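See below for the structure under consideration.
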Amino acid sequence: MKKIRSVLSRHRLMINVLALVFVLGTLAAPAAADDEMMVEEACETGCTAWNAARGCVYCQKCCTYGDYYNCKQVANDQCS
């Protein structure tokens, strides 16, 4: 038991600094996650090319993330 106390007292500054870094890191992490969650994703799927013989020829799914958007082709059976 005396050995543990002597090791802890010898390295007290290092242990306190590591504890402070850990606490500050855990406090900062939720703030970064909240910023990312504020941008809401909105997605729509729709037919962009259609003909009478085949129906939907080209189906796309487009999503917006704030000021950014992304569209990709999906299977034709996913279009409504």
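Descriptive notes on the structure:
- Contact annotation: residue pairs with Cβ atoms under 9 Å, 6 or more positions apart or on different chains, pairing a residue in the range 12-24 that is open to solvent by less than 100 Å² (accessible area, probe 1.4 Å) with a partner that is part of a helix (DSSP H, G or I), are I15/L8.
- Residue in the range 46-54 that is open to solvent by 100 Å² or more (accessible area, probe 1.4 Å) and outside any loop (DSSP other than H, G, I, E, B) present: yes
The values are calculated or read from the model by the stated rules, or taken from the named source; none is laboratory data. Given the structure is predicted, the values throughout are model-derived calculations rather than measurements. So basically every Cβ, Gly included, is an ideal-geometry build from the backbone, and we count neighbours across all protein chains shown. Accessible surface is based on the protein model in full, side chains and every heavy atom, while ligands, DNA and RNA are left aside. Shrake-Rupley method; radii C 1.70, N 1.55, O 1.52, S 1.80 Å.
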